[in-house]
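My questions all concern the structure below.
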Amino acid sequence: MTFTIRCIDCGHKAPFFPTSVSCPRCNSQWREAEYDLETVASNLPLQLPSRPFDLWRYRELLPVRNLNQALTLGEGGTPLIQAVNLGMMLGCPNIYIKDERQGPTSSFKDRQAAVTIAALKEAGITEMVVASTGNVAISYSAYAARAGIKLWAFVTSLVPAVKMREIAIYGSQVVKVTGSYDQAKQVAAEFARQRNLYLDMGARTITSVEAMKTIAYEIAEQLTALRGPSPKISANQSQPLWRAPDWYIQSISGGMGPLGIIKGFSELRRMGLIDREPATALIQTEGCAPMTQAWNEDKDTASPVISPRTHIETLATGDPGRTYTLLYKLTKENHGTFDSVNDEEAFRAMHVLAKMEGISAEPAAAVAFAGLFKLVRAGIIKSTDVVVVNCTGHTMPTEPFLLGENWASSVVLPSRSLEDSPQEGLLAALNRVAPARFPRVAIVDDSEEARRLIRRILQSQGNFTIFEAENGKQALELVKKENTDLIILDLMMPEMDGFAVLDALKTEPQTASIPVIVSTAKELTADEKNKLKGQIQALMQKGDFLSDEFLEEVRALLG
């Protein structure tokens, strides 16, 4: 497949060579790959049925001329999972998780490494340098080892030791830089310059941005398989082959990934394979959120954060540079947003995601889910929207004894950022509630899904004995028989509704004093609300189960 590299500053087009890192006309390092999209659009859909569902099924749209199959590790083709329980909790049923943990090294950075290493091997490059907050270096280490390319990985000393060991076990040379991530990038760049080595330049590396496009391609294919193609807007419109979500959500550090993913959706639209591009929600951690701060001030240039204050070190890029300027423009065009969450919100989201969906994500990935919760509560994401959240990674630890001594070298830099560096350790995400006061809880709801959801929420709070009833009559028998200490009651049930259950409970001395939390999907009238006064401890709208208010009500009752 033929493709050219176009400078985004002067428009000059040139052939692609990995070692050529700047425009031959104006010397800009900001360039992008261009393809004959018309030809690809007419041929690619015919080729796909016979190809494996992996990253290389879209090879006509990637900057590798002749793929060496011996280098692949099964990258791409990660599942798209419907988050049924999160959807119920948020009152937003069409939430999907792009599970990038299932890549070869458990991170979406595997795509970046696979395409870049394939291009470097094709060009005969045998040694390279990368600066990383963890996952990039792990992915590059795996693929470099397979390709026989020596890798120098510069990481900050605050990168978790488990990630450093993972890098080292592949045979990469780990260089710990005692300083910020931005300083580590500067040291890596100077090292590469002095030794005349290939340097990964993040968002300025063409292969890296192009690799990330494949996430967009896969999402469009997978959503179509799950939900069907987008409906035609008018009778005159031809139905697109694939479907795009309404929202794409991802946590970001330097921002290279979203640049590629937005480009991927744009190419799909220009090829006529989708009819619109999703809005993007790009989420940072509050302790290092230069892009979100600039976005909130409606500025297209971000002021660097010199001293990141976050325990989520993999997102601690203080200076996104021009990447933010590009993302600012693209996000305005797709009607998206930037936002931030604090560390505790991210750690809480880790627990919720694991307990509700069976997905264990690393803190950086949990930032995206905490952002989802925030945007749904704010009404920015609507209940009818189709949402895809990128679960970007889950790195497994490498045991220290595997590596022995001297597996890393260190560079200590004097830096003002050291004084403000966070202490080791993570905040607790969900405070456990002791169920000593009310150990036995009855959940009364005619919906099996709602009962399961409430059960999981309570189980995440403590070791309760939980009983379930699917109708009012069964509930009255249950609470008497099991001597329950708390009732979570649905109002809208057939035959005997929640109001009737409350009346019946109050007439029996054995049940009159049992605390009740009412849950309902119905918008109650003033009369109905007055009727509940004095009879219940709390009234919760379904769809708000994940709110802090709900958990605080549980803690207040059970603490």
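Please report, in whole Å, how far the alpha carbons of the range 29-116 spread along each principal axis, starting with the longest.
The principal-axis extents, from largest down, are 46, 35, 31 Å.
I'd like the orientation of helix 206-227 relative to the chain: the angle between its Cα long axis and the longest Cα principal axis, in ° from 0 to 90, rounded to 10.
40 degrees
Relative contact order for the range 211-341 using alpha-carbon pairs under 8 Å, separation at least 6, rounded to a whole percent?
The value is 26 percent.
Calculate the spin-label point distance for THR507 paired with THR4, positioning each point 7 Å from the Cα along the beta-carbon direction, and give it in nanometres.
Reported label-point gap for THR4 and THR507 is 8.4 nm.
Can I ask one more? Hey, what did the chain get for relative contact order, percent, Cα under 8 Å, at least 6 apart?
For the chain, the relative contact order is 13 percent.
So how tilted is helix 256-270 from the main axis of the chain? Cα-based, degrees 0 to 90, rounded to 10.
90 degrees
Counting only helical runs of four or more DSSP H residues, what would the 222 nm mean residue ellipticity of the chain come to if each run contributes -39,500 (n - 2.57) and the total is spread over all its residues?
Computed mean residue ellipticity for the chain: -11500 deg cm²/dmol.
Let me ask you something else. Determine by what factor the alpha-carbon radius of gyration of the range 257-385 differs from 2.2 N^0.38 Å, reporting the quotient.
Taking the Cα Rg and dividing by 2.2 N^0.38 Å, one obtains 1.09.
Can you pull the semi-axes for the range 231-321, root of five times each eigenvalue of the Cα gyration tensor, sorted largest first, whole Å?
Semi-axes, largest first: 34, 12, 11 Å.
Report the full-extension gain for the segment ARG51 to SER303: residue separation times 0.36 nm, less the Cα-Cα distance, to one decimal in nm.
86.2 nm
Mind checking the angle between helix 109-122 and the chain's longest principal axis? C-alpha axes, 0 to 90 degrees, to the nearest 10.
Value to nearest ten degrees: 20.
Then there is this: What is the Cα convex hull volume of the range 70-214 when expressed per residue in Å³?
129 Å³
Let me ask something else about it. Residue separation times 0.36 nm, minus the C-alpha to C-alpha distance between ARG270 and LYS529: what's the value?
88.0 nm
Set the bar at 23 Å for Cα to Cα. Now go through LYS473/LYS506; LYS263/LYS332; LYS263/LYS329; LYS374/LYS533; LYS299/LYS332 and name every pair that lies beyond it.
LYS374/LYS533, as the Cα separations exceed 23 Å there.
Can you tell me the length gained on complete extension of the stretch GLN173 to GLN194, counting 0.36 nm per residue apart and subtracting the Cα distance?
5.9 nm
Which Cys residues of the chain have no other Cys Cβ less than 4.7 Å away and so no disulfide-compatible partner by this rule?
CYS92, CYS288, CYS391
At q = 0.10 Å⁻¹, what is the base-10 log of I(q)/I(0) for the chain according to the Debye formula with one equal point scatterer per Cα and no solvent? Please give it to two decimals.
Once normalised to I(0) and log-transformed, intensities are -0.86.
Between ALA161 and LYS473, what is the label-to-label distance in nm when each label sits 7 Å out along the Cα-to-Cβ direction?
Each label point is offset 7 Å from its Cα along the Cβ direction, giving 6.3 nm.
Kindly state, to the nearest 0.05, the FRET efficiency for PHE17 paired with THR465, given R0 = 56 Å and r defined as their beta-carbon distance.
E between PHE17 and THR465, to the nearest 0.05, is 0.25.
Rule-based calculations on the coordinates, nothing more; no lab input. Every value quoted in this text rests on a predicted model; they were computed, and no experiment measured them. Heads up, the Cβs are rebuilt from the backbone with ideal geometry, glycines too, and the neighbour counts pull from every protein chain shown.
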